1. Applying 1/(1 + (r/R0)^6) with R0 = 51 Å to the Cβ-Cβ distance of residue 165 and residue 308, what FRET efficiency is obtained, to the nearest 0.05?
2. Label-point separation (nm) for residue 298 and residue 235, each offset 7 Å from Cα along Cα-to-Cβ?
3. Using 7 Å Cα-to-Cβ label points, what is the residue 173/residue 185 separation (nm, one decimal)?
4. Roughly how many whole Å is it from the C-alpha centroid of the range 201-242 to that of the range 138-194?
5. Dividing the convex hull volume of the alpha carbon atoms of the range 144-219 by its residue count, what do you get in Å³ per residue?
6. Under a plain spin-label model, where a point goes 7 Å from the Cα along Cα-to-Cβ, how far apart in nm are residue 143 and residue 274?
7. Shape verdict for the range 65-319, please, from the Cα gyration tensor: rounded (a/c under 1.5), prolate (a/b greater than b/c) or oblate.
8. In µm²/s, what is D for the range 169-210 at 37 °C and 0.692 mPa s, where D = kT/(6 pi eta Rh) by Stokes-Einstein and Rh is the Kirkwood radius from Cα pairs?
């Protein structure tokens, strides 16, 4: 193409610079020649584009499939992220809690560390466990007659002392004040025994917990904003008219943002878990034979689903995930088929033996 254009320029210069031509005629010939060169260049580019289109292409995801996949998956990721953020905002969203801490291991640890009797820490209005979500803390009771009570805060920066005061502060029992005083005295104790170092360093652990809680809150908030942006940007691809190269570049940017969002959301979950371990669960985790904390069933699953949806929103990763899932289902179906066949043979042989 460059050689043809160069040859055209030389011809134009020769025609426009004739010895017997006037300046006006040379100018007109030059303008006309330049117009012809533009048309020539345009026709060559069009021919090159047609040749590229006619070449056999390697298989790849059709852009429409990628748009639909990315939009639907990221819409689901945004919804699950929003559900995870609302964990423990109210009793209705308590099921989206991430971690639960039990009261009994905490009482055992405080009783051993301070010399108090375990019964001095127990009270009917004290919850059996606390559940923790991104937007608050809930008091849980094993007694079905007692309702779940939630205190919302983003992030949930409640201390153990705060939660005990909230549980016993509104109690109508006469011994509530005495039980609360026992908790306050025990939590303020500084035992010299290295076994109870968690109680001695409770204030230092509290500062680490607060910083991690705030880091988790910032990370998941920005992750939610990125999710909304990615969702709207992927939907806009259905309405914007772009060239193929420009659209491909736009999609790659969205995929890069999805990977960053995946890492950001994973960091939020890790920070939240470490904040609970270093803060509210630090005492319950020190009791012998019990960690005193467990994962929230629904909330933890929702958080993992939201995390996984972010990475499989990229079509090639989603295709690999579906292939692995299909392979596992096929293996499970084959295993189930042969297991049923073996069981049927065993059952048949047993019935024949009984008949004999």
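1. With a Förster radius of 51 Å, E is 0.85.
2. Going by the 7 Å Cα→Cβ label model, 2.6 nm.
3. Label at residue 173, label at residue 185, 1.7 nm between them.
4. 31 Å
5. On the way: hull volume 10.1 nm³, N = 76.
Hull volume over Cα atoms, normalised by residue count, gives 133 Å³.
6. Inter-label distance under the simple model: 4.0 nm.
7. Since a/c reaches 1.5 and a/b is larger than b/c, the shape of the range 65-319 is classed as prolate.
8. Values: Rh = 12.0 Å.
Rounded, D is 274 µm²/s.
A short reminder: the numbers here are calculations on the coordinates, not readings from a lab. Since we're looking at a predicted model, the values are computed, not measured. Cβ atoms come from the backbone with ideal geometry, glycine included; neighbour counts cover every protein chain shown.
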